């Protein structure tokens, strides 16, 4: 039942460090070898907690392009042959087929613009 003990120690350590459930999954437990002078003592697991650093806040940018409807029915901003998903579909529909300026934060991994404002380009 050694594994169960290690998992319990990891859970207690994560809770005492104030780590959330997602960070608790990143807690690693390893046993420290017993030194010769400590043979009468029980080895205590050493808990190493790692926590992901929050990403730096992305800065707002302004993108100019045309609002179009993609093949899946969602509205995108087309800029020079590239399409960017718009997370604000309600405002995007108002500008369908028009050239606009979109202010927001680009998520380059998903090609999504997190829209703050959409306005006509002219």
Inset, instruction - Grab every C-alpha pair in the stretch 61-120, bin the distances at 10 angstrom width from 0 up to the longest one, and report whole percents. - result: 27, 64, 9
Legend entry - Cα-projected label distance for residue 82 with residue 94, points at 7 Å along beta-carbon direction, nm: 2.7
Inset, instruction - Note down the nm distance, to one decimal, between modelled labels 7 Å out along Cα→Cβ at residue 61 and at residue 121. - result: 1.7
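Here, each number is a calculation from the coordinates, and none is a lab measurement. The structure presented is a predicted model; accordingly, all values stated were derived computationally and were not measured. Every residue, glycine among them, receives a Cβ derived from its backbone with ideal geometry; neighbour counts consider all protein chains shown.
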